[in-house]
Amino acid sequence: MAESEPVKNTAAGPTETKPAEAKPEGAPAMDASSQWRESGKLLAKWQERARTNQLQHYAAAQYFGNAHNAIGIPAVILSTIVGTTVFATLQKQVTLGVQIGVGAISVLAAALAALQTFLRYSERAEKHRATAAAYAAVRHRLEATTNVPVAVRGPLKEFLDGIEGQLGSPGGV
């Protein structure tokens, strides 16, 4: 009975277990073409996960970009109204109701600006965009490699190490 050995899945999700090959003692190692064919299902899984993660991160970037605008645009509009109203009323005496209204709008504008700074939606959106782009690069590399003949692909280990390095790098995923 063959033992199981863990196979690290760097694209996403838990570590997968792949059955170890039972090799008779003294049997030759698997050639490069066989290694590539054996890894086909794993690479297809990684490619699909990279695609899924890419799309999810782009959706998150869109969400946080919209949230940034939903808070930022009203803050700018309210600040403009307050500034214009204060400037227009410098030469005139205004009623108490106008003063309270302008004060309330001013406080609301300040609160929205503080929320926008505290929540950092634009920064979060940019991080999700960068992560999505990194997944897109991994996905493209997987697609490009798996769609060329096995004979011209090069060593599997080098390719897997490169993908793992791309996923683990600071600019990566």
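The values are calculated or read from the model by the stated rules, or taken from the named source; none is laboratory data. Since we're looking at a predicted model, the values are computed, not measured. Positions of Cβ are backbone-derived with ideal geometry, glycine not excepted, and every protein chain shown enters the neighbour counts.
Data overview
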{"quantity": "K45 surrounded by 15 or more Cβ atoms within 10 Å (Cβ to Cβ), of a type outside the set (S, T, Y), at pLDDT 50 or above and within 33 Å of the chain's Cα centre (by Cα)", "calculated": "yes"}
{"quantity": "Residue in the range 48-60 that is under 30 Å from R37 (Cβ atoms), acidic (D, E) and free of Cβ contacts under 8 Å to residues at least 40 places away in the same chain present", "calculated": "yes"}
{"quantity": "Some residue of the range 126-137 being more than 14 Å from Q56 (Cβ to Cβ), modelled with pLDDT of 95 or more, charged (D, E, K, R) and assigned to a helix (DSSP H, G or I)", "calculated": "yes"}
{"quantity": "Subset tally (residues that are among the acidic types (D, E) and in contact (Cβ under 8 Å) with a residue 24 or more places away in the chain) for the range 112-158", "calculated": "2"}
{"quantity": "Residues within the range 47-83 that are touching a His at 6+ places or on another chain (Cβ under 7 Å) and within 30 Å of T146 (Cβ to Cβ), tallied", "calculated": "3"}
{"quantity": "Any hit, the range 68-81, residues being buried (at least 17 other Cβ atoms within 10 Å of the Cβ) and not in a helix (DSSP H, G or I)", "calculated": "no"}
